[in-house]
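Each remark here refers to the structure printed beneath this line.
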Amino acid sequence: MKKTEKSYTGWYFLLTVGILYLLIGLFKIEVILPALRFSLKTTRNILPVFLIIFALMVAFNFFISPHKVRKYLGKSSGFTRWLIAVGGGIISTGPIYMWYPMLKELKKEGVQYGFIATFLYNRAIKLPLVPMMVGYFGWKYTVVLAVVMVTISVIQGIIFERIEGGGFL
Amino acid sequence: MDARLKSALTKSARAMSNSLPVLAGVVLLVGLTHTLTPKLFYFSKNAVLDSIIGSGLGSVLAGNPLTSYVLGGELVKQGVSLVAVTSFLVAWVTVGLVQLPAEAIMLGKKFAILRNIFSFAFSIIVAITTVFILELL
């Protein structure tokens, strides 16, 4: 996907929502103001967290690079391999498709699909976004969900290793 | 300024600015939905069915996880079950129907399809397990 296409998609979406407001406003004008008021309230709640997320993203982009992740992913084995797949997935930033070329190269170098599946699953856990999740769902929920997801990611990885071992991939 | 820091700042600012119009659209849409429908009707009281619906929605929709948190948080406030919202959040980030063609090209068709099918099924298991553990705590 080209960068420009991605940017425009967001704007098209916003435009569509704007048109939806206009259309609904034509038939039911009384809902527009409460809807905007509610949106403003939601924005006020999100804004401080958005700033924290930006700071965390800068820190992650500063310390972590696909090159570093690749260096550690390729050389690992055994339990460390799962640990690195989990950790690598969690700390990886940016859109998922940015990581496909690196994973493709790792596959060529002999890394198993199970490892790639675990890595991709853990991309769901994003440390910079934790404050937002905590804000909406609380600490307990965030921690439990993260632990369950990490566990499931390794189970998924093992399943893929078996599938690959059986010659189905 | 250090080149690495400058690159990190630019990369982060670009990622955030790219997600801004989507986030603004979602916030406006949430406001509209909240005003028009006090409670979302398509969720039932059945945990398994709700999680399938949540996973289905999360699989089709795509974007920054940030957006899914806003949507999920509002769904909870509107009375949608935590199981459904959790499966929605998990499927949003683990199942990628939009990225499926790219994933298939880069990592193999069989792997991409299987991974997405497994991730869909696991999003339901993750949701039910998470809520079950939370109820125990």
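The values are calculated or read from the model by the stated rules, or taken from the named source; none is laboratory data. Here the structure is a predicted model, which is why all the values come from computation and not from measurement. All Cβ positions, glycine included, derive from the backbone under ideal geometry; neighbour counts span all protein chains shown. These area figures cover heavy atoms from the full protein model, side chains too; ligands, DNA and RNA do not enter into them. Shrake-Rupley method; radii C 1.70, N 1.55, O 1.52, S 1.80 Å.
For B:Lys110, the conditions (1) within 7 Å of another protein chain (Cβ to nearest Cβ); (2) within 19 Å of the chain's Cα centre (by Cα) are fulfilled apart from (2).
Within segment A:20-34, does at least one residue satisfy the condition of being touching a His at 6+ places or on another chain (Cβ under 9 Å) and facing another protein chain (nearest Cβ under 7 Å)? Yes - at least one qualifying residue is present in segment A:20-34. Looking for whichever is surrounded by 23 or more Cβ atoms within 10 Å (Cβ to Cβ) and modelled with pLDDT under 85 here; the options are B:Gly63, B:Gly58, B:Gly72. Which one fits? After applying the criteria, what remains is B:Gly58. Taken together, the residues in segment A:92-126 that are more than 8 Å from chain B (Cβ to nearest Cβ) and at pLDDT 80 or above amount to 8.
Applying the condition of being assigned to a helix (DSSP H, G or I) and crowded, with 20+ Cβ neighbours inside 10 Å to segment B:35-51 and asking which residue is modelled with the lowest pLDDT yields B:Thr35. Contact annotation: residue pairs with Cβ atoms under 6 Å, 6 or more positions apart or on different chains, pairing a residue in segment B:77-102 that is touching a residue at least 24 places away in the same chain (Cβ under 8 Å) with a partner that is of a type in the set (Phe, Trp, Tyr) and open to solvent by 10 Å² or more (accessible area, probe 1.4 Å), are B:Val80/B:Phe43; B:Ala84/B:Phe43; B:Val95/B:Phe120; B:Gln99/A:Tyr97.
Yes/no per residue for (1) at pLDDT below 75; (2) open to solvent by less than 40 Å² (accessible area, probe 1.4 Å); (3) under 30 Å from A:Leu103 (Cα atoms):
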residue	(1), (2), (3)
A:Lys3	yes, no, yes
A:Leu15	no, no, no
A:Gly18	no, yes, no
A:Lys28	no, no, no
A:Ala35	no, yes, no
A:Leu47	no, no, no
A:Leu51	no, no, no
A:Phe54	no, no, yes
A:His67	yes, no, yes
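When residues in segment A:119-158 are screened for being in contact with a Ser or Thr (Cβ under 7 Å, 6 or more places away or on another chain) and under 19 Å from A:Ser92 (Cβ atoms), 11 of them pass.
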